[in-house]
Every structure is written in structure tokens, then in C-alpha cells.
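Notes for the one structure printed next.
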Amino acid sequence: QVQLAESGGGLVQPGGSLRLSCAASGRSFSTYYMAWYRQAPGKQRELVAVISSSGATKYGDSVKGRFTISRDSAKNTVYLQMSSLEPEDTAVYYCNVYKLNVDLWGKGTLVTVSS
């Protein structure tokens, strides 16, 4: 069974850092796009970052220069290194894996940025 499992969320102070991980299981996703989305209370889900199988990356405007997406295809895992966190980054962060007609989502991990 194919599954995505996010981890690494929690409470962090403004200006702090956090690293999220998403481990995929059930098959290899080395040729798939892997991405992070987030959804804050009362807001629509938005793209945070995406990484292709070749390592090309794209970021949402609000996180450019602060967040870094990376992947380890051997481990079937995608990471999101978040730095200079702001209260506005508070949201549930979701892992997404997609290619052609395959579109998989994790259950999400909560990140709260607060003093």
C-alpha cells in the first residue's frame, strides 16, 4: 500500500528553524515530482515548494530565501528545511507526490510559530 508519512512539525519561536520530512512507502517515487503544500486556518491550501526528479526546484513567493526543499531518492524521502520562521508560516504542512495521473497526499503535520 502506498503511503506518505510527514514528520517534524511542532512549536517553534519566531526566527527559529524546523525540518520536515516525508517518507514515501509502497513503491519508488524517484521519477515523480515531490512537493510541500500548506494550509493555514481559514485559508486555501498553497504551494510551498516542489522538486523534480532531476532536482529542479520551485518555491512559493512567501518562502523564497527562507525554505529549502530537497530529496533523497534512495530513501524515498523529501525534506523541507524551514528557517527564519514567522507566525504567518503557521499551518498544516502536507506532502504531495505526483506524476501524470498519480496524485498522492500525506495526512499533514502541524507547524506552529509562536512565542
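Looking at the stretch 43-100, which of its residues are over 21 Å from Ser30 (Cβ atoms) and small (Gly, Ala, Ser)?
Gly60, Ser62, Gly65, Ser83, Ser84, Ala91
Which one is most open to solvent (accessible area, probe 1.4 Å), of the residues in the stretch 1-18 that are at pLDDT below 95 and more than 17 Å from the chain's Cα centre (by Cα)?
The selected residue is Gln1.
Based on what the data block shows, is Ser70 within 20 Å of Ser21 (Cβ to Cβ) and either without any contact (Cβ under 8 Å) to a residue 24 or more places away in the chain or in a strand (DSSP E or B) (or both)?
yes
How many residues are of a type outside the set (D, E, K, R), open to solvent by 70 Å² or more (accessible area, probe 1.4 Å) and assigned to a loop (DSSP other than H, G, I, E, B) when one looks only at the stretch 82-106?
2
Mind checking which residues of the stretch 31-43 are surrounded by fewer than 13 Cβ atoms within 10 Å (Cβ to Cβ) and more than 22 Å from Arg66 (Cα to Cα)?
Those that are surrounded by fewer than 13 Cβ atoms within 10 Å (Cβ to Cβ) and more than 22 Å from Arg66 (Cα to Cα): Thr31, Gly42.
Of the residues Lys99, Lys107, only one is touching a residue at least 24 places away in the same chain (Cβ under 8 Å) and under 22 Å from Val12 (Cα atoms); which?
Lys107
Quick one: would you say Ala35 is of a type outside the set (S, T, N, Q) and more than 12 Å from the chain's Cα centre (by Cα)?
Judged against the criteria, Ala35 is not a match.
Can you spot a residue in the stretch 61-81 that is loosely packed, with under 15 Cβ neighbours inside 10 Å, modelled with pLDDT of 95 or more and in contact with a Gly (Cβ under 7 Å, 6 or more places away or on another chain)?
no
The values are calculated or read from the model by the stated rules, or taken from the named source; none is laboratory data. This one's a predicted model, so the numbers in the text were calculated from it and none came from an experiment. Using ideal geometry, Cβ is built from the backbone for each residue, glycine included, and neighbour counts are taken over all protein chains shown. The area values use the complete protein model at the heavy-atom level, side chains included, leaving out ligands, DNA and RNA. Shrake-Rupley method; radii C 1.70, N 1.55, O 1.52, S 1.80 Å.
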